[in-house]
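Q: Sending over a structure as C-alpha coordinates; questions will come in a sec.
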Amino acid sequence: MKSELAEMALDQKRTILDDETPETVPVPHALVPHLDEIAILLDIDGTLLDLMPTPREVWVPPGLSETLNRLTERTSGALALVSGRSLNDIDLIFAPDVFRAVAGHGAEMRLSVDSEADDVHAPPLDKELKRRLAAIAKLSPGILLEDKGYSLALHYRLAPHAERAIYESVSLIRADLPNAPIEVLPGKFVCEIKHSGFTKASGVRELMKHEPFSGRRPLFIGDDVTDETVFAIMPDMDGLAFSVGRRAMGVNGHFDAPSDVRAFLARLLDPR
Ligand SMILES: [Mg+2]
(Lines give C-alpha, C1' and ligand atoms only; values in the text may rest on other atoms or scores of the structure.)
Protein backbone atom coordinates (compact mmCIF):
# COMPACT_ATOMS: atom_id res chain seq x y z
CA MET A 1 0.00 0.00 0.00
CA LYS A 2 2.68 2.38 1.14
CA SER A 3 4.96 2.01 -1.85
CA GLU A 4 2.08 1.68 -4.31
CA LEU A 5 0.74 5.08 -3.34
CA ALA A 6 4.18 6.61 -3.46
CA GLU A 7 4.76 4.98 -6.86
CA MET A 8 1.53 6.52 -8.15
CA ALA A 9 2.52 9.98 -6.94
CA LEU A 10 5.96 9.67 -8.53
CA ASP A 11 4.53 8.26 -11.75
CA GLN A 12 2.15 11.19 -11.99
CA LYS A 13 5.08 13.51 -11.48
CA ARG A 14 7.21 11.75 -14.09
CA THR A 15 4.43 11.85 -16.68
CA ILE A 16 4.24 15.58 -16.29
CA LEU A 17 7.94 16.32 -16.08
CA ASP A 18 8.93 13.89 -18.87
CA ASP A 19 6.68 15.70 -21.28
CA GLU A 20 9.53 17.96 -22.27
CA THR A 21 10.38 18.50 -25.89
CA PRO A 22 13.70 19.98 -26.94
CA GLU A 23 12.33 22.02 -29.83
CA THR A 24 12.10 25.72 -29.23
CA VAL A 25 8.91 27.59 -30.00
CA PRO A 26 9.63 31.23 -29.29
CA VAL A 27 6.70 33.36 -28.25
CA PRO A 28 5.49 35.12 -31.39
CA HIS A 29 5.05 38.76 -30.54
CA ALA A 30 2.31 39.25 -33.11
CA LEU A 31 0.24 36.81 -31.09
CA VAL A 32 -0.13 39.22 -28.20
CA PRO A 33 -3.17 41.49 -28.39
CA HIS A 34 -3.07 45.19 -27.54
CA LEU A 35 -2.58 46.06 -23.87
CA ASP A 36 -6.11 47.53 -23.85
CA GLU A 37 -7.51 44.06 -24.46
CA ILE A 38 -5.49 41.76 -22.25
CA ALA A 39 -5.16 40.77 -18.63
CA ILE A 40 -1.58 39.81 -17.77
CA LEU A 41 -1.35 36.89 -15.31
CA LEU A 42 2.09 35.87 -14.12
CA ASP A 43 3.44 33.06 -11.99
CA ILE A 44 6.37 34.24 -9.85
CA ASP A 45 8.97 31.53 -9.07
CA GLY A 46 10.67 30.17 -12.16
CA THR A 47 8.64 32.54 -14.35
CA LEU A 48 9.33 36.14 -13.29
CA LEU A 49 12.10 35.28 -10.86
CA ASP A 50 14.96 32.81 -11.21
CA LEU A 51 14.66 29.74 -9.01
CA MET A 52 17.07 29.68 -6.08
CA PRO A 53 18.25 26.79 -3.83
CA THR A 54 15.65 27.83 -1.24
CA PRO A 55 12.44 29.85 -1.71
CA ARG A 56 13.64 32.60 0.62
CA GLU A 57 16.61 33.41 -1.58
CA VAL A 58 14.67 34.69 -4.59
CA TRP A 59 15.15 38.33 -5.47
CA VAL A 60 13.56 40.85 -7.80
CA PRO A 61 16.05 41.96 -10.48
CA PRO A 62 16.42 45.69 -11.22
CA GLY A 63 13.73 47.05 -13.49
CA LEU A 64 11.19 44.26 -13.02
CA SER A 65 8.99 46.07 -10.51
CA GLU A 66 8.96 49.14 -12.73
CA THR A 67 7.95 47.01 -15.71
CA LEU A 68 5.14 45.42 -13.71
CA ASN A 69 3.93 48.78 -12.43
CA ARG A 70 3.92 50.27 -15.92
CA LEU A 71 2.10 47.25 -17.34
CA THR A 72 -0.45 47.56 -14.52
CA GLU A 73 -1.03 51.17 -15.57
CA ARG A 74 -1.20 50.40 -19.27
CA THR A 75 -3.73 47.58 -18.71
CA SER A 76 -5.87 49.75 -16.40
CA GLY A 77 -4.93 47.50 -13.49
CA ALA A 78 -5.42 44.14 -15.22
CA LEU A 79 -2.15 42.58 -14.10
CA ALA A 80 -2.05 39.90 -11.41
CA LEU A 81 0.57 37.62 -9.93
CA VAL A 82 -0.59 33.99 -9.73
CA SER A 83 1.43 32.04 -7.19
CA GLY A 84 1.53 29.23 -4.69
CA ARG A 85 3.04 31.71 -2.25
CA SER A 86 0.85 33.54 0.27
CA LEU A 87 -0.14 37.18 -0.29
CA ASN A 88 2.01 38.07 2.66
CA ASP A 89 5.04 36.38 1.14
CA ILE A 90 4.46 37.99 -2.26
CA ASP A 91 4.29 41.43 -0.65
CA LEU A 92 7.56 40.82 1.18
CA ILE A 93 9.29 39.85 -2.07
CA PHE A 94 8.05 42.84 -4.07
CA ALA A 95 7.98 45.42 -1.24
CA PRO A 96 7.27 48.29 -1.39
CA ASP A 97 5.21 47.45 -4.48
CA VAL A 98 1.82 45.80 -4.09
CA PHE A 99 0.19 43.89 -6.94
CA ARG A 100 -3.15 42.26 -7.51
CA ALA A 101 -2.78 38.53 -7.02
CA VAL A 102 -4.15 35.02 -6.88
CA ALA A 103 -2.07 33.55 -4.04
CA GLY A 104 -1.76 30.32 -2.06
CA HIS A 105 -2.74 28.28 -5.16
CA GLY A 106 -6.08 30.09 -5.28
CA ALA A 107 -6.67 30.18 -1.51
CA GLU A 108 -6.19 33.95 -1.45
CA MET A 109 -7.10 36.71 -3.83
CA ARG A 110 -6.40 40.42 -4.01
CA LEU A 111 -8.60 42.32 -6.41
CA SER A 112 -7.77 45.81 -5.24
CA VAL A 113 -4.42 47.27 -4.22
CA ASP A 114 -6.09 50.07 -2.27
CA SER A 115 -7.47 48.17 0.71
CA GLU A 116 -6.31 45.00 2.45
CA ALA A 117 -9.85 44.61 3.74
CA ASP A 118 -10.93 43.40 0.31
CA ASP A 119 -8.41 40.55 0.25
CA VAL A 120 -10.05 37.11 0.15
CA HIS A 121 -8.65 34.29 2.34
CA ALA A 122 -9.70 30.63 2.52
CA PRO A 123 -9.45 28.84 5.90
CA PRO A 124 -5.92 27.53 6.61
CA LEU A 125 -4.95 23.84 6.56
CA ASP A 126 -5.89 21.76 9.61
CA LYS A 127 -3.32 22.17 12.42
CA GLU A 128 -3.02 18.49 13.35
CA LEU A 129 -2.55 17.54 9.70
CA LYS A 130 0.12 20.21 9.36
CA ARG A 131 1.90 18.90 12.44
CA ARG A 132 2.04 15.39 11.00
CA LEU A 133 3.23 16.58 7.61
CA ALA A 134 5.80 18.86 9.19
CA ALA A 135 7.43 15.86 10.87
CA ILE A 136 8.42 14.59 7.39
CA ALA A 137 11.07 17.32 7.25
CA LYS A 138 12.97 15.36 9.90
CA LEU A 139 13.57 12.48 7.46
CA SER A 140 16.77 14.07 6.21
CA PRO A 141 18.88 17.17 6.68
CA GLY A 142 18.28 19.51 3.75
CA ILE A 143 14.50 19.04 3.61
CA LEU A 144 13.05 22.50 4.16
CA LEU A 145 9.58 22.94 5.54
CA GLU A 146 7.56 25.93 4.39
CA ASP A 147 4.25 26.64 6.09
CA LYS A 148 2.23 28.77 3.70
CA GLY A 149 -0.86 28.71 5.90
CA TYR A 150 -3.13 27.27 3.21
CA SER A 151 -0.62 24.65 2.24
CA LEU A 152 2.57 23.08 3.43
CA ALA A 153 5.60 22.61 1.21
CA LEU A 154 8.49 20.21 1.65
CA HIS A 155 11.45 21.48 -0.38
CA TYR A 156 14.16 18.93 -1.13
CA ARG A 157 16.42 20.70 -3.64
CA LEU A 158 19.17 20.31 -1.01
CA ALA A 159 18.24 16.66 -0.35
CA PRO A 160 17.16 15.17 -3.71
CA HIS A 161 17.83 11.61 -2.47
CA ALA A 162 14.91 12.02 -0.04
CA GLU A 163 12.28 12.38 -2.77
CA ARG A 164 10.87 8.86 -2.55
CA ALA A 165 10.87 8.84 1.25
CA ILE A 166 8.98 12.14 1.30
CA TYR A 167 6.28 10.95 -1.11
CA GLU A 168 5.98 7.64 0.77
CA SER A 169 5.48 9.45 4.07
CA VAL A 170 2.88 11.79 2.58
CA SER A 171 1.05 8.79 1.09
CA LEU A 172 0.97 7.09 4.49
CA ILE A 173 -0.57 10.14 6.13
CA ARG A 174 -3.12 10.43 3.33
CA ALA A 175 -4.00 6.73 3.63
CA ASP A 176 -4.57 7.38 7.32
CA LEU A 177 -6.93 10.27 6.58
CA PRO A 178 -8.83 9.16 3.50
CA ASN A 179 -11.50 11.83 3.94
CA ALA A 180 -9.19 14.79 4.46
CA PRO A 181 -9.83 17.34 1.68
CA ILE A 182 -6.20 17.58 0.67
CA GLU A 183 -4.17 16.98 -2.44
CA VAL A 184 -0.49 16.60 -3.20
CA LEU A 185 1.18 18.90 -5.70
CA PRO A 186 4.48 17.58 -7.04
CA GLY A 187 6.75 20.42 -8.17
CA LYS A 188 10.38 21.10 -8.95
CA PHE A 189 12.12 19.57 -5.91
CA VAL A 190 9.07 20.37 -3.84
CA CYS A 191 6.17 18.30 -2.58
CA GLU A 192 3.31 20.52 -1.57
CA ILE A 193 0.17 19.48 0.29
CA LYS A 194 -2.82 21.76 -0.04
CA HIS A 195 -6.54 21.97 0.47
CA SER A 196 -8.23 20.33 -2.52
CA GLY A 197 -11.00 22.95 -2.73
CA PHE A 198 -9.08 25.39 -4.87
CA THR A 199 -6.36 25.59 -7.49
CA LYS A 200 -4.56 28.29 -9.41
CA ALA A 201 -7.15 27.69 -12.13
CA SER A 202 -10.16 28.17 -9.82
CA GLY A 203 -8.50 31.37 -8.56
CA VAL A 204 -7.91 32.66 -12.09
CA ARG A 205 -11.49 31.86 -13.11
CA GLU A 206 -12.75 33.84 -10.13
CA LEU A 207 -10.34 36.72 -10.74
CA MET A 208 -11.43 37.02 -14.38
CA LYS A 209 -15.03 37.65 -13.28
CA HIS A 210 -14.03 40.91 -11.62
CA GLU A 211 -13.05 44.36 -12.81
CA PRO A 212 -10.60 45.30 -14.20
CA PHE A 213 -10.02 41.75 -15.50
CA SER A 214 -13.48 40.83 -16.80
CA GLY A 215 -13.99 41.13 -20.53
CA ARG A 216 -10.26 40.99 -21.24
CA ARG A 217 -8.25 38.18 -22.85
CA PRO A 218 -6.02 36.59 -20.23
CA LEU A 219 -2.36 36.04 -21.06
CA PHE A 220 -0.86 33.61 -18.57
CA ILE A 221 2.80 32.68 -18.15
CA GLY A 222 3.87 29.87 -15.80
CA ASP A 223 6.57 27.25 -15.48
CA ASP A 224 5.55 24.47 -13.14
CA VAL A 225 3.13 21.56 -12.83
CA THR A 226 0.57 23.61 -10.90
CA ASP A 227 0.46 26.14 -13.74
CA GLU A 228 -0.86 23.46 -16.08
CA THR A 229 -4.33 23.81 -14.55
CA VAL A 230 -4.27 27.43 -15.76
CA PHE A 231 -2.86 26.55 -19.20
CA ALA A 232 -5.82 24.19 -19.54
CA ILE A 233 -8.51 26.84 -18.98
CA MET A 234 -7.02 29.57 -21.18
CA PRO A 235 -8.91 28.43 -24.32
CA ASP A 236 -12.24 28.80 -22.42
CA MET A 237 -11.50 32.50 -22.02
CA ASP A 238 -9.96 33.05 -25.44
CA GLY A 239 -6.69 33.40 -23.55
CA LEU A 240 -3.07 32.72 -24.32
CA ALA A 241 -0.77 30.42 -22.35
CA PHE A 242 3.02 30.44 -22.37
CA SER A 243 5.30 28.12 -20.42
CA VAL A 244 8.83 28.72 -19.21
CA GLY A 245 11.81 26.36 -19.41
CA ARG A 246 9.91 23.66 -21.26
CA ARG A 247 7.10 23.43 -23.72
CA ALA A 248 4.10 22.34 -21.68
CA MET A 249 0.99 20.73 -23.17
CA GLY A 250 -1.48 23.10 -24.78
CA VAL A 251 0.55 26.30 -24.64
CA ASN A 252 0.82 28.87 -27.42
CA GLY A 253 4.58 29.15 -27.03
CA HIS A 254 7.34 29.04 -24.52
CA PHE A 255 10.23 30.98 -23.03
CA ASP A 256 13.60 29.44 -22.22
CA ALA A 257 14.17 31.21 -18.91
CA PRO A 258 12.72 33.86 -16.56
CA SER A 259 15.11 36.43 -18.07
CA ASP A 260 13.31 35.91 -21.41
CA VAL A 261 9.95 36.49 -19.72
CA ARG A 262 11.23 39.72 -18.19
CA ALA A 263 12.55 40.90 -21.56
CA PHE A 264 9.22 40.01 -23.20
CA LEU A 265 7.26 42.00 -20.62
CA ALA A 266 9.52 45.02 -21.07
CA ARG A 267 9.00 44.77 -24.85
CA LEU A 268 5.22 44.81 -24.39
CA LEU A 269 5.66 48.37 -23.10
CA ASP A 270 7.85 49.40 -25.97
CA PRO A 271 7.33 47.14 -29.00
CA ARG A 272 10.01 48.97 -31.05
MG1 LIG B 1 6.58 28.76 -10.82
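Q: As an exercise, use a Förster radius of 25 Å and the Cβ-Cβ distance of ALA175 and SER214 to find the FRET efficiency, rounded to the nearest 0.05.
A: For ALA175 and SER214, the calculated efficiency is 0.05.
Q: Rounded to the nearest angstrom and ordered from largest down, what semi-axes does the equivalent ellipsoid of the stretch 40-91 get from its C-alpha gyration tensor (root of 5λ)?
A: After scaling each eigenvalue by five and taking roots: 21, 12, 9 Å.
Q: Also, I was wondering about something else. Give the Kirkwood hydrodynamic radius (Å, one decimal) of the stretch 63-112, defined as one over the mean of 1/r across all pairs of different Cα atoms.
A: Every distinct Cα pair counted, the radius reaches 10.9 Å.
Q: If the convex hull of the alpha-carbon atoms of the stretch 174-272 is projected onto planes in all directions, what is the mean projected area in square nanometres?
A: Over every viewing direction, the Cα hull of the stretch 174-272 projects on average to 8.2 nm².
Q: Follow-up question, since we're still on this one. Along each of the three principal axes of the Cα atoms of the stretch 91-153, give the extent in whole Å, ordering the values from largest to smallest.
A: So the three principal-axis extents are 43, 23, 14 Å.
Q: Also, quick follow-up: Using a Förster radius of 45 Å, what is the FRET efficiency between LEU139 and VAL98 based on their Cβ-Cβ separation? Nearest 0.05, please.
A: 0.75
Q: Which distance in nm do the two modelled labels at SER196 and GLU37 give, with both placed 7 Å along the Cα-to-Cβ direction?
A: 4.0
Q: Leaving ligands, DNA and RNA out of it, report the carbon-plus-sulfur percent of the accessible area of the chain at a 1.4 Å probe.
A: In the chain, the share of accessible area belonging to carbon and sulfur is 53 percent.
Q: Summarise the long-distance tail of P(r) for the stretch 107-228 by giving the % of C-alpha pairs beyond 17 Å.
A: Counting every Cα pair in the stretch 107-228, those more than 17 Å apart make up 62 percent.
Q: What is the log10 of I(q)/I(0) for the stretch 37-132, computed with the Debye formula using one identical point scatterer on each Cα and no solvent, at q = 0.18, 0.23 Å⁻¹?
A: Log-scaled intensity ratios, in q order: -0.86, -1.30.
Q: Taking a quarter of the surface of the convex hull around the Cα atoms of the chain, what do you get in nm²?
A: That works out to 14.2 nm², a quarter of the Cα hull's surface.
Q: Here is a follow-up. Please compute the modelled spin-label separation between ASP236 and LYS127, points set 7 Å along Cα→Cβ, answer in nm with one decimal.
A: The modelled label-to-label distance comes out at 3.6 nm.
Q: Another question about this same structure. Run the simple label-point estimate for ALA266 and ASP147 please: 7 Å along Cα→C-beta, distance reported in nm.
A: Here the modelled spin labels are 4.0 nm apart.
Q: Can you give me the Kirkwood hydrodynamic radius for the stretch 127-178, using every pair of distinct Cα atoms, in Å to one decimal?
A: Result for the stretch 127-178, one decimal place: 11.2 Å.
Q: Let me ask something else about it. Considering only protein heavy atoms, what per residue accessible area in square angstrom results for the chain with a 1.4 angstrom probe?
A: Using a 1.4 Å probe on heavy atoms only, each residue of the chain averages 47 Å².
Q: How much length would be gained if the chain were fully extended between HIS161 and TRP59, taking 0.36 nm per residue of separation minus their Cα-Cα distance, in nm to one decimal?
A: Residue separation times 0.36 nm, minus the Cα-Cα distance, leaves 34.0 nm.
The values are calculated or read from the model by the stated rules, or taken from the named source; none is laboratory data. Keep in mind that what you see is a predicted model, and the values were worked out from it rather than measured. No Cβ is skipped: glycine too gets one built from the backbone with ideal geometry, and neighbour counts run over all protein chains shown. Only protein heavy atoms, including side chains, enter the accessible area calculation; ligands, DNA and RNA are left aside. Shrake-Rupley method; radii C 1.70, N 1.55, O 1.52, S 1.80 Å.
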